[in-house]
1. Quick check: the distance between the Cα centres of the stretch 112-153 and the stretch 241-312, to the nearest angstrom?
2. What would the Debye equation give as log₁₀ I(q)/I(0) for the stretch 77-187 at q = 0.16, 0.23 Å⁻¹, counting only Cα atoms as equal point scatterers?
3. Eigenvalues of the Cα gyration tensor times 5, then square-rooted: what semi-axes does that give for the stretch 142-197, in whole angstrom, largest first?
4. Taking the mean number of other Cβ atoms within 10 Å as a proxy for protection, how do you rank 262-275, 134-147, 87-100 from highest to lowest?
């Protein structure tokens with residue numbers, strides 16, 4: 001059985017596709033456009049001062065300053081649209097298609113199909129993997145509705161972490177890059193394990209910001225192997241690390257290929273951003289009498305995830 005969903009099969013006019021070299025060049029262009037948009041927005045705002053009603057720390061120009069967040073979100077929305085338009089132009093020119101035909105083919109290649117709605121397993125895999133952390137949160141009483149749960153807020157930080165960030169990143173680094181990779185006839189193995197490296201490269205831009213703020217070896221190490229919870233104070237938030245993004249990228253890319261849709265990847269991205277990096281040691285430290293049940297929950301989640309992934 002092919003790893004790639006029939007939904008993503010190239011129609012006859014696109015069968016010849018593009019060269020692998022051009023596919024990689026376009027993928028680099030997507031990464032450059034996304035990161036470049038962030039840099040331009042942040043660089044130009046960096047010369048301005050905070051408005052009277054905005055906090056002085058983090059300083060203007062910092063990725064967590066409200067005005068900077070607004071500019072960066074507008075920037076990635078614009079560059080994502082530009083990248084999707086680039087895929088449409090590539091499809092149209094490669095297949096010599098009329099507008100409607102090119103639009104239909106582009107929508108399918110970008111994974112904007114509704115087919116994954118009929119596959120609930122695609123949406124359950126990420127929560128299944130996090131059975132351990134969810135159980136730990138239950139023991140801590142921090143799940144929504146429990147006594148220690150934090151108040152539900154939806155400010156700029158939440159908009160960035162749970163809406164604009166995941167959606168634009170999946171559309172750019174998943175949809176657009178996988179679409180051109182399919183046009184370039186790159187192997188499924190490369191698409192699953194290779195294309196997430198573009199996202200890791202893009203995320204390394206955030207590490208540059210972190211290094212500028214706190215230029216120490218410890219900060220660099222934390223950037224590469226750890227993940228801050230989105231709810232952490234701005235001064236403690238870290239960019240998503242390269243190792244974590246690569247692992248998630250392998251899973252999300254496989255999910256994309258198997259379902260033919262980017263929607264499950266978006267849902268998983270939002271969920272993982274909300275949960276943060278699993279911390280079994282911390283969970284056991286907080287609940288030492290539940291050490292065995294916590295370990296069982298973590299192992300059950302991993303086993304269930306692997307089993308579900310094989311049945312996807």
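1. Their Cα centres are 10 Å away from one another.
2. Calculated log10 I(q)/I(0) at the listed q: -0.91, -1.26.
3. Largest first, the stretch 142-197 gives 36, 13, 7 Å.
4. Ranked from most to least packed, the peptides come out as 262-275, 87-100, 134-147.
Each value in this text was obtained by applying a stated rule to the coordinates, not by laboratory testing. All values reported here derive from a predicted model rather than from experimental measurement. Please note: Cβ atoms are built from the backbone with ideal geometry, for glycine as well, and neighbour counts cover all protein chains shown.
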